[in-house]
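Read the figures in this text as sums done on the coordinates, not as results from a lab. Because the structure is predicted, anything quoted here is derived from the model rather than measured. Quick reminder, even Gly has a Cβ in these numbers, built from the backbone with ideal geometry, and neighbours come from all protein chains shown.
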Amino acid sequence: MKFSIDLLREVQQENDGSNVILSPLSIALALSHLALGAANQTEKHLLEVMHLESVPCLHHLLSALRRRLAEATLSLASRVYLQKGLEVKEKFLEDSEKFYGAKPVSLSGSSEDDLEAINKWVKEATNGQIPTFLQYLPGNTVMLLLNAIHFHGFWRNKFDAAFTSPDVFHLDDDFVVSVEMMKAQRYSLSWFTLESHDVQVAKFPFKGNVSFVVIVPNQYSWNATHVLESFPYIQLCRLFPEEVPTTVKIPKMKLDYQLELNNVLSQMGLQELFTNPNLQKISDESLFVSSIQHQSSLELKEDGVEGSAATSVVISRSLSAFNLDRPFLFIIFEEEMGIPLFIGSVQNPNPNAAPQLKEPRRSLDARDDKEPQKAIPCLFSFTDP
């Protein structure tokens, strides 16, 4: 969880106020795959950034985790693309397939054909949610590590499409944007107000062991970075009370997000990956990482989703409605293992619509069910200097 929060916080600091959708699981699997071929300080720094330096038998553990998650509604896929003639060590290829299910595939040497093949694989691995992952393939690419995740969750309590109607989402104290809002009366919801952070927190369960958790401010304007740094994530599951009938509103939306992670990961302590890393377990040739790409999508709809001290916490239950009508943070959790599959912040669920000055302020309530759809590939591009 710590890596997930570090990642989102760093992306938020570089963000211009737009939506952020990340899969820390996809990124961590890709970085761990890279660590399989790293040595000495490069390997050490990779594990430290992911807070996995003290985990014994890491790659065996991640292999077991991948198999367990694949038994649920989560699809995981990995692949290694190699330039013709690149001498890659056999053990790296064997371990890549053994631990990460990543089979090696040779690049044809034709940028157009290779680009089409890579995008086709990502599209299939994400069930069509990400049809075009790469716009171009750098001419000096010698190896690609790809990881893709697709999650399709069905709400345990669905929303009735007959009650979905136009409404407003408060961008801040002054502006709103029009959205399609899913609505429900007497929706069974577990939620509470965390007074120490002035936020409301709700858990919308999917069928199975995955839940969509949202953190919503009591004010239209808030410091999300402060909440990220001090929120009691470890105690989160123990804080949720029993479900109660609640009036809920949640925006229906489909958002896409793409980001090159080079600068973000450099700020987190991995700048050497892009300059002079030790990747001798991959090849005796001098390699460095030229690009780390991440793309994701989130869809919330009526039937489901595709895609700090506990002692100081004060919990109250004073509201009878939960309205997700202002910027919020979200986490999609695999509850049995406590793993965040996706994490992000929604600033505007309808970015293509023009913001409007709001009318006199309404009272704040938070609650609405969502159905997310997320699919995320993560790519490493290696360059031979």
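Taking the Cα centre of the chain as reference, the dipole from Cβ charges on Lys and Arg (+1) and Asp and Glu (-1) amounts to some 940 debye.
With viscosity 1.002 mPa s and temperature 20 °C, the Kirkwood radius over alpha carbon pairs of segment 141-243 converts through Stokes-Einstein to a diffusion coefficient of 128 µm²/s. Classify segment 1-72 as rounded, prolate or oblate from the Cα gyration tensor: take a ≥ b ≥ c as the square roots of its eigenvalues, call it rounded if a/c is under 1.5, otherwise prolate when a/b beats b/c and oblate if not. Verdict is oblate for segment 1-72.
Too long at a 28 Å Cα-Cα cut-off: which of Lys44/Lys123; Lys84/Lys123; Lys123/Lys203; Lys2/Lys207; Lys2/Lys120? Write out the running numbers ahead of the final one.
On the way: Lys44/Lys123 33 Å; Lys84/Lys123 24 Å; Lys123/Lys203 30 Å; Lys2/Lys207 26 Å; Lys2/Lys120 33 Å.
Violating the 28 Å limit, Cα to Cα: Lys44/Lys123; Lys123/Lys203; Lys2/Lys120.
Rounded to the nearest 20 debye, what is the charge dipole size of segment 96-217 about its Cα centre when +1 sits on each Lys and Arg Cβ and -1 on each Asp and Glu Cβ?
Working: 10 positive and 14 negative charges, 164 e Å.
Approximately 780 debye in magnitude.
Which of the three applies to segment 233-273, rounded, prolate or oblate, going by the alpha-carbon gyration tensor with a ≥ b ≥ c and a/c under 1.5 meaning rounded?
Working: a/c = 7.47, a/b = 1.80, b/c = 4.14.
Since a/c reaches 1.5 but b/c is at least a/b, the shape of segment 233-273 is classed as oblate.
One chain, two ends: Phe154 and Gln135. Fully extended at 0.36 nm per residue, the span grows by 3.7 nm beyond their Cα-Cα distance. Candidates Ile130, Val210, Phe231 compared by Cα position along the dipole of the chain: farthest toward the positive end lies Val210, with charges placed on Cβ. Neighbour counts of other Cβ atoms within 10 Å put Tyr220, Tyr187 in the fewest-to-most order Tyr220, Tyr187.
Treating each Cα of the chain as an identical point scatterer and ignoring solvent, apply the Debye formula and state log10 I(q)/I(0) at q = 0.10 Å⁻¹. So the normalised log intensities work out to -0.65. For segment 13-18, 3J(HN,Hα) computed residue by residue from phi via the Karplus equation (6.51, -1.76, 1.60; θ = phi - 60°) reads 5, 8, 7, 9, x, 8 Hz, glycine and proline entered as x. The order of Met182, Met337, going from fewest to most other C-beta atoms within 10 Å of their C-beta, is Met337, Met182. Counting 0.36 nm for each residue step from Lys120 to Glu242 and taking away their Cα separation leaves a gain of 39.5 nm.
Available extension along the chain between Ser178 and Arg68 is 35.6 nm, counting 0.36 nm per residue and deducting the alpha carbon span. State whether segment 57-110 is rounded, prolate or oblate according to the following rule on the C-alpha gyration tensor (a ≥ b ≥ c being the square roots of its eigenvalues): a/c under 1.5 gives rounded; otherwise a/b larger than b/c gives prolate, and the remaining case gives oblate. Oblate is the answer for segment 57-110, as a/c is 1.5 or above yet b/c matches or exceeds a/b.
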